[in-house]
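Visitor: First the structure, which I've put down as structure tokens, then a few questions once you've had a look.
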Amino acid sequence: QVQLVESGGGLVQPGGSLRLSCAASGIVFSRYTMGWYRQAPGEQRELVAAITSGESTNYPDSVKGRFAISRDNAKNTVYLQMNSLKPEDTAVYYCNARLSVIVYWGQGTQVTVSS
């Protein structure tokens, strides 16, 4: 049974920070590329950060310099540190695990950036 469980979402003011966590079970975590995606209402799901088994990272320009992804293989957990948050960052954030063509998704956690 594979599970990805996100935590850490919530309401934050513009300019604030949040740290999301995703705990994985049922997979050989260290072999998977882990990622965070987000989906705002009426929009496509988009990648916000990814980290490979070799710890290479990837970010779109919209979050580069503000977000940082990291992983702790001993804890089977991937993190997303989000700083300088903007209202346009508001979305449901999903944890993703991928190995070749095998993909798993978490249920998502809501992040709302508003004053």
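The values are calculated or read from the model by the stated rules, or taken from the named source; none is laboratory data. Here the structure is a predicted model, which means the values were calculated and not measured. Cβ placement follows ideal geometry from the backbone for every residue including glycine, while neighbour counts extend to all protein chains displayed. For accessibility, only protein heavy atoms count, side chains too; no ligands or nucleic acids. Shrake-Rupley method; radii C 1.70, N 1.55, O 1.52, S 1.80 Å.
Visitor: Filter the range 14-31 down to the residues that are among the β-branched types (Val, Ile, Thr) and either within 19 Å of Gly108 (Cβ to Cβ) or crowded, with 16+ Cβ neighbours inside 10 Å (or both) and list them by number. Spell out how you get there, then give the answer.
Guide: The initial filter retains those residues of the range 14-31 that are among the β-branched types (Val, Ile, Thr), namely 27-28.
Result: Ile27, single match.
Visitor: Now for a different question. For the range 1-31, enumerate the residues that are at positive phi and among the basic types (Lys, Arg).
Guide: none
Visitor: If you go through the range 76-105, how many residues are open to solvent by 40 Å² or more (accessible area, probe 1.4 Å) and part of a helix (DSSP H, G or I)?
Guide: Here the count works out to 2.
Visitor: Out of everything in the range 60-75 that is open to solvent by 50 Å² or more (accessible area, probe 1.4 Å), of a type outside the set (Gly, Ala, Ser) and in a loop (DSSP other than H, G, I, E, B), what residue ends up being nearest to Glu6 (Cα to Cα)?
Guide: Result: Lys64.
Visitor: Right, next: What pairs come out if I take residues in the range 7-32 that are closer than 20 Å to Val48 by Cα and in a strand (DSSP E or B) and pair them with residues that are open to solvent by 30 Å² or more (accessible area, probe 1.4 Å) and among the β-branched types (Val, Ile, Thr) whose C-beta lies under 9 Å away, six or more apart or interchain?
Guide: Every condition considered, the pairs that remain are Gly10/Thr112; Leu11/Thr112; Val12/Thr112; Ser21/Val5; Cys22/Val5; Ala23/Val5; Ala24/Val2; Ala24/Val5.
Visitor: Further, regarding this structure: Evaluate the range 45-53: report whether one residue or more is touching a helix residue (DSSP H, G or I) at 6+ places or on another chain (Cβ under 8 Å) and surrounded by 12 or more Cβ atoms within 10 Å (Cβ to Cβ).
Guide: We begin by selecting, within the range 45-53, every residue touching a helix residue (DSSP H, G or I) at 6+ places or on another chain (Cβ under 8 Å); these are 53.
Filter once more, so that each one left must be surrounded by 12 or more Cβ atoms within 10 Å (Cβ to Cβ): 53.
Looking for residues that are touching a helix residue (DSSP H, G or I) at 6+ places or on another chain (Cβ under 8 Å) and surrounded by 12 or more Cβ atoms within 10 Å (Cβ to Cβ), one finds at least one in the range 45-53, hence yes.
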